[in-house]
Structure formats: C-alpha cells, structure tokens
1. Right, residue 105: out of contact with any strand residue (DSSP E or B) (no Cβ under 7 Å at 6 or more places or on another chain), on the phi < 0 side of the Ramachandran plot and modelled with pLDDT under 90 or not?
2. Could you list all residues from the range 175-209 that are touching a helix residue (DSSP H, G or I) at 6+ places or on another chain (Cβ under 8 Å) and either in a loop (DSSP other than H, G, I, E, B) or over 19 Å from residue 78 (Cα atoms) (or both)?
3. Can you pull out every residue in the range 151-174 that is in a helix (DSSP H, G or I) and touching a residue at least 40 places away in the same chain (Cβ under 8 Å)?
4. Which members of the range 39-75 meet the condition of being more than 26 Å from residue 201 (Cα to Cα) and outside any loop (DSSP other than H, G, I, E, B)?
5. Among 165, 214, 121, 133, which is the only one that is crowded, with 22+ Cβ neighbours inside 10 Å and under 21 Å from residue 27 (Cα atoms)?
6. Given the conditions (1) closer than 22 Å to residue 59 by Cα; (2) crowded, with 18+ Cβ neighbours inside 10 Å; (3) touching a helix residue (DSSP H, G or I) at 6+ places or on another chain (Cβ under 8 Å), report the number of the one that residue 145 does not fulfil.
7. If you go through the range 79-89 one residue at a time, do you hit one that is at pLDDT below 90, surrounded by 13 or more Cβ atoms within 10 Å (Cβ to Cβ), part of a loop (DSSP other than H, G, I, E, B) and in contact with a strand residue (DSSP E or B) (Cβ under 9 Å, 6 or more places away or on another chain)?
8. Let me spell it out: the conditions are (1) surrounded by 18 or more Cβ atoms within 10 Å (Cβ to Cβ); (2) within 15 Å of the chain's Cα centre (by Cα); (3) not in a loop (DSSP other than H, G, I, E, B), and residue 23 meets all of them except one. Which number is the exception?
C-alpha cells in the first residue's frame, strides 16, 4: 500500500516529524513507560461517545509506537459494529465507496473459526513495523463474540507475537462492548474531544471501567496544547508536512 493514499490526519504515518505527530510521540512515551513499569502491552482505546477521535488516536498511537527501534506493533479494529480502521488505512477490507468487503477476513473470522490464527487475518503497512487486523464482518451477536474464550486466546497470542497491541474499541456509552473487552486488556486509554465532551458524559463512561484499568485520558482536538497557543517560535522545531 502506498503511503500517499493514507488519510492526511494519520500524522504518525504521513508526517512523523510534524508538530501534530509530536503529540502522539508523547503518548507513545507514556505507553512505553507503562510497559516497563507494569508490563502493559495490550491497550484498548475508547471514548465516551462517537466522534471524539478514538480511531484517529488508535491509529496514530500505533503508528508512533511502530517508529520504535525494531518494535513490533499490532493494531486491531475491535469496533465490530462500526469498523473504520481498514477504510482509513486503505486496506483490503475497504471495498468500493468505503463499504466493507464481505469477503475480507478479520478479527471476527479468527474468533469464530478455531483454525484461523491472528497472523492469518493480519495485513501489514509498507515501510513500518505495523500490522493491522481489520474487524471483519459478522452475523453473530456482538456480545457473544466479545465473551468468547476464543477472543481471549487470540489476544494472548498477539501479546506473545508483538511488543504492543492497540485495540480500537467502540465508544463506552452507546454500547457495553468496551466494558466487556476491558477485562482482556492491560489498560484503557479514554479519548475525549477537547472543549466538547461533557464532563458528566466522561464521568458516566469512566464508571463503566475498572479504575485500575484506566491508563489515562487523551484530549483530542485541543486548539491550545502544551504552552497554550501555537507560537511561531516553536514551529521551527518541526518539519512541515
């Protein structure tokens, strides 16, 4: 897959030296530190509601981790109701007009077929130490898939094959999918839209998670990061594009 085809907002892959990508490098450092301290390898990314930027964060975090020296990183689309990772990355699961190709295999296939391993449904991003598992297409009830012991076995398999596993998961409040998935991961990052996600909504979302599993809150779309403004003096530290 040509890197030029990627979504321009996937800055960790498209423009890793940019100011925007540097913010994901900070998130990468946090995850790497947690791995060293607590052996955190499998991380779910979620949000209180739709449109907060969880998928964008998932892909950019995976991309930032994949820039590590010989780091093996796996990105899994675990949002089985509204999968978008493959579409944003231009992978084979995305068919004409962005529709999901029903013939493409993904996480669902590996869960429902004991003879399919995680490697069998993995695609790679050229030029990066990054592998991707699309969601796949399911006719099985989502809760049944997420409660499957097979899913737990697949994540254990991924844990041993990769240094980091990032799961893009559904928003917390519309459905309980991520609350089910949380028991199988080492930790959860909660993405909120800066100046948009209501505090009450965030509180309700956090109540659905074990506090010990919450690794942190990620602010997406903050127009005044770090020093409070984009100062031209700081722009010289970063390359354009």
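The values are calculated or read from the model by the stated rules, or taken from the named source; none is laboratory data. The model shown is predicted, which means the values in this text are computed figures rather than measured ones. So basically every Cβ, Gly included, is an ideal-geometry build from the backbone, and we count neighbours across all protein chains shown.
1. Numbers: out of contact with any strand residue (DSSP E or B) (no Cβ under 7 Å at 6 or more places or on another chain): yes; on the phi < 0 side of the Ramachandran plot: yes; modelled with pLDDT under 90: yes.
Considered against the rule, which asks whether it is out of contact with any strand residue (DSSP E or B) (no Cβ under 7 Å at 6 or more places or on another chain), on the phi < 0 side of the Ramachandran plot and modelled with pLDDT under 90, residue 105 comes out as yes.
2. 175, 176, 185, 186, 208, 209
3. To start, the set of residues in the range 151-174 that are in a helix (DSSP H, G or I) comprises 151-161.
Across the range 151-174, the qualifying residues are 151, 154, 155, 157, 158, 159, 161.
4. Filtering the range 39-75 for residues more than 26 Å from residue 201 (Cα to Cα) gives 39-41, 62-75.
Hits for the range 39-75 are 62, 63, 64, 65, 73, 74, 75.
5. On the way: 214 fails: crowded, with 22+ Cβ neighbours inside 10 Å; 121 fails: under 21 Å from residue 27 (Cα atoms); 133 fails: under 21 Å from residue 27 (Cα atoms).
Result of the check over 165, 214, 121, 133: 165.
6. (1)
7. no
8. Here residue 23 meets the rest and fails (2).
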